[in-house]
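Here the structure is laid out as structure tokens; the discussion comes afterwards.
The values are calculated or read from the model by the stated rules, or taken from the named source; none is laboratory data. Keep in mind that this is a model prediction, so the values were computed, not measured. Cβ placement follows ideal geometry from the backbone for every residue including glycine, while neighbour counts extend to all protein chains displayed.
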Amino acid sequence: MDPLEQELKAALRKIDPSPFFESKVLAAANRQARERKTTLRMRWATAIAAMVLVVTGVFWQHQRTVDEQARGQAAKARLMLALQITSAKLDEIQEKVDRVQ
Amino acid sequence: MNKFACITCLALAAVTSAAAQEIKLPANLDQLAAKAKNDVNITMDGPLLQLAGRFLSDKDPDEARVKRMVTNLKGIYVRSLEFDGPGEYQPSDIDQIRVQLKSPGWTRVVGVRSKKDGDNAEVFLKTDGSTIGGLVVLVADPTELTIVNIVGQINPEDLRDLGGHFHIPQIELDPKNNKKEDR
């Protein structure tokens, strides 16, 4: 046997694994599976949170527009009523002035 | 410190509001309102007027005119009380307003008084040179008391322009020609 063969044989010789090798491999596999699940859950949670945020934002904006619209229409109605009362009173005064003349 | 800031802000807000309203309505109006059959109380300050202005259409000619008029206004205050019968309020109840309208700048452009019917109606304008800075209408009928206070710059053209559209009669701005007393 030449030295090369000897070296190869030594390198490829069967070595028994350490006593906890199997459990270590299984633990590492479990850990990786858990990490993958956690990452997936985080992604889902982020996506759902973003969606909730967008929906809430759109709803809030819509509600704000509706509220603003209602307040604006109410203010317009009050303004028109105030002007109508003013004009009615001025009209009455005009009639009284005309009567005097 | 926060309390002081709060009090200062409240005081400032009160002063600003009072300054905007200019003519202070007497406190006893609320007591009279309790006796009134109908009570209309409209208070529209600057921000509310601007909000209303945003909802006035440019396409509708009447609304467009009101929108233009409202642009320079600081407030519109209307208080109208209607009573079941005469004698529910005293003419002196609005003396506080008349006193304020005797201050410089205010001119009574129309005054109609009927001893027979007991009607008393007056229109006051706040003028500064050629600009109108305010309008007060006082109508004191036996069963009705109405006070209108429009604060802010009113374009005479707008006031005349609105005549016929909102039934606002045309008012001549020369006070000498418009004092009428029906006795």
### Query
Among the residues of the stretch A:76-96, which ones are acidic (Asp, Glu) and buried (at least 19 other Cβ atoms within 10 Å of the Cβ)?
A:Glu92
### Message
I'm trying to understand the selection: among the residues of the stretch B:58-80, which are among the charged types (D, E, K, R) and assigned to a helix (DSSP H, G or I)?
### Response
B:Asp62, B:Glu63, B:Arg65, B:Lys67, B:Arg68
### Task
Report, by residue number, each residue of the stretch B:26-46 that is more than 14 Å from chain A (Cβ to nearest Cβ) and in contact (Cβ under 8 Å) with a residue 12 or more places away in the chain.
B:Pro26, B:Asn28, B:Leu29, B:Leu32, B:Ala33, B:Lys35, B:Ala36, B:Lys37
### Task
Scan the stretch A:76-94 and report the pairs whose first residue is more than 13 Å from B:Ile150 (Cα to Cα) and whose second residue is among the small types (Gly, Ala, Ser), with Cβ atoms within less than 8 Å and a gap of 6+ or a chain change.
A:Lys76/B:Ala52; A:Arg78/B:Ala52; A:Lys89/B:Ala121; A:Glu92/B:Ala121; A:Ile93/B:Ala121
### Message
Can you go through A:Lys96, A:Lys76, A:Lys89 and tell me which one is facing another protein chain (nearest Cβ under 9 Å) and in contact with a Leu (Cβ under 7 Å, 6 or more places away or on another chain)?
### Response
A:Lys76
### Message
Being within 33 Å of the chain's Cα centre (by Cα), modelled with pLDDT of 90 or more, closer than 30 Å to B:Val66 by Cα and in a helix (DSSP H, G or I) is the requirement here; does A:Gln32 meet it?
### Response
no
### Query
Would you call A:Lys14 of a type in the set (Lys, Arg) and in a helix (DSSP H, G or I)?
no
### Task
Could you tell me which residue of the stretch B:139-151 is nearest to the chain's Cα centre (by Cα), considering only residues that are closer than 21 Å to B:Thr43 by Cβ and facing another protein chain (nearest Cβ under 9 Å)?
B:Val148
### Message
Could you check the stretch B:58-86 and list, in sequence order, the residues that are surrounded by fewer than 13 Cβ atoms within 10 Å (Cβ to Cβ), free of Cβ contacts under 8 Å to residues at least 24 places away in the same chain and not charged (D, E, K, R)?
### Response
none
### Task
Look through the stretch B:25-57, keep the residues that are in a loop (DSSP other than H, G, I, E, B) and touching an Asp or Glu at 6+ places or on another chain (Cβ under 7 Å), and return whichever of them is surrounded by the most Cβ atoms within 10 Å (Cβ to Cβ).
B:Leu56
### Message
Looking at the stretch B:87-125 only, could you name the residues that are over 16 Å from the mean Cα position of the chain (by Cα) and buried (at least 17 other Cβ atoms within 10 Å of the Cβ)?
### Response
B:Glu88, B:Tyr89, B:Asp93, B:Val112, B:Arg113, B:Asp119
### Query
Which of the residues belonging to the stretch B:54-108 are within 12 Å of chain A (Cβ to nearest Cβ) and in contact with a Gly (Cβ under 7 Å, 6 or more places away or on another chain)?
B:Arg54, B:Phe55, B:Lys67, B:Val70, B:Leu73, B:Gly75
### Task
May I ask you to verify whether A:Val58 is among the aliphatic types (A, V, I, L, M), within 14 Å of another protein chain (Cβ to nearest Cβ) and more than 30 Å from B:Val136 (Cα to Cα)?
no
